[in-house]
Amino acid sequence: MAFDTILKQLKSKDYQQVYFLYGKESYYIDAITSQVENGILNESEKAFNFTVFYGKDVNHQAIIDTARRYPMMASHQVVILKEAQEMRTLSNLQSYIEHPTSTTIVLICYKHKKFNFNSKFGKALKKQAVIFESKPLYDNQVPDWISAYLKKKKLSIQPRAADLIAEYLGTDLSKVANELDKLAINVAAETEITEKEIEANIGISKDYNVFELQRAIGQRDMVKTNRILQYFAANPKKMPLPVLIGSLYTYFSKVYLYHAAKNLPEREIMTTLQLRSNFFLKEYRAAARQFPPAKAEQAITLLKEYDLKSKGVGYNNTGKPDGSLAKEMVWRILH
């Protein structure tokens, strides 16, 4: 079942007896768990009807005994099993899963890994439980997720600003959501979030970031390029060399790909390059004029070389700090 569907049903009090949440992305599991913890019982009902177990500290019989009880002065009781992946006797819950108590809501949270449903316990879950797999997003999916998240808070965000947050915070949605929540508290409703708001509230510089560096390199703006590289060298935690190389590799791969797709209709070019706005397409067009196919290919080769060099693979250790390696790498790309 989909994440939004589960939340909608829980909020409308359409409850199922057993929920099994699993997967590598903790954000969705935590969001559903929070709704179960806070949206089913009020505080007085929780005193007798709400129990949380942790997999490494409990056996199956304690969970079954609790789940078999009937609620006291409430319509339901809630039993949550967290860290189910740590529970040695988890599969012994099969007998309960096959015959759950109608007035008990059991939520099982199996985090950070896949689950094999080929076992008898897994087949019982597939037959009786609401199952949700919490999958991590790909890098290119995070900006759209950010836009959708802020839309629910009555905020919009410029595509470049969403990309900037995604680049710096990565795919850990719990971390991203935490920063977006803080941002939403500090700006007025209906605001369009720009790089200015991001710098003020999240601390990501609107002038010294990888997108500004890419633009400067794409325009062969040596002064701006050197200024940003100096900032990165002075603040290595802001842009670690492996992250910088990865970002530039993606950038030049798209520049190279643009040359192959440039005669297609604009919408098809954007799809091919996985761009979310023609704002970015303009930048790639400009960069392609500065970096014809052979030059773009050469840049990609250099990035691979410096990726290995930064890891000490196949190259003698030069002892150069990452900031110096980054400057040398970009200088060679531009020359």
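The values are calculated or read from the model by the stated rules, or taken from the named source; none is laboratory data. This one's a predicted model, so the numbers in the text were calculated from it and none came from an experiment. No Cβ is skipped: glycine too gets one built from the backbone with ideal geometry, and neighbour counts run over all protein chains shown.
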Note on the range 1-46: residues surrounded by 12 or more Cβ atoms within 10 Å (Cβ to Cβ), of a type in the set (A, V, I, L, M) and out of contact with any Pro (no Cβ under 7 Å at 6 or more places or on another chain) are Met1, Ile6, Leu7, Leu10, Leu21, Ile29, Ala31, Ile32, Val36, Ile40, Leu41
If you go through Ile300, Ile333, the only one that is part of a helix (DSSP H, G or I) and either surrounded by fewer than 15 Cβ atoms within 10 Å (Cβ to Cβ) or touching a residue at least 60 places away in the same chain (Cβ under 8 Å) (or both) is Ile333
Within the range 67-102, residues polar (S, T, N, Q), surrounded by fewer than 16 Cβ atoms within 10 Å (Cβ to Cβ) and closer than 21 Å to Phe48 by Cα come out as Ser75, Ser102
Of all helices (runs of 4 or more DSSP H) fully inside the range 188-287, the set with 3 or more residues that are surrounded by 15 or more Cβ atoms within 10 Å (Cβ to Cβ) and in the same structural domain as Glu305 (by TED's automatic domain parsing) is 210-218, 222-234, 241-261, 266-273
Inside the range 141-159, the number of residues satisfying the requirement of being touching a Ser or Thr at 6+ places or on another chain (Cβ under 7 Å) and outside any helix (DSSP H, G or I) is 3
Within the range 86-105, the count of residues that are within 30 Å of the chain's Cα centre (by Cα) and either in contact (Cβ under 8 Å) with a residue 40 or more places away in the chain or more than 24 Å from Asn118 (Cα to Cα) (or both) comes to 1
Of a type in the set (A, V, I, L, M, F, W, C) and touching a residue at least 40 places away in the same chain (Cβ under 8 Å), is that true of Val210? yes
query: Does Ile108 satisfy the criteria of being in the same structural domain as Phe48 (by TED's automatic domain parsing), touching a residue at least 40 places away in the same chain (Cβ under 8 Å), touching a Phe, Trp or Tyr at 6+ places or on another chain (Cβ under 6 Å) and not in a loop (DSSP other than H, G, I, E, B)?
result: yes
Among helices (runs of 4 or more DSSP H) entirely inside the range 26-98, those with 2 or more residues being hydroxyl-bearing (Ser, Thr, Tyr) are 26-39, 94-98
> Could we say that Asp14 is over 15 Å from Ile131 (Cα atoms) and assigned to a helix (DSSP H, G or I) here?
Replying inline: no
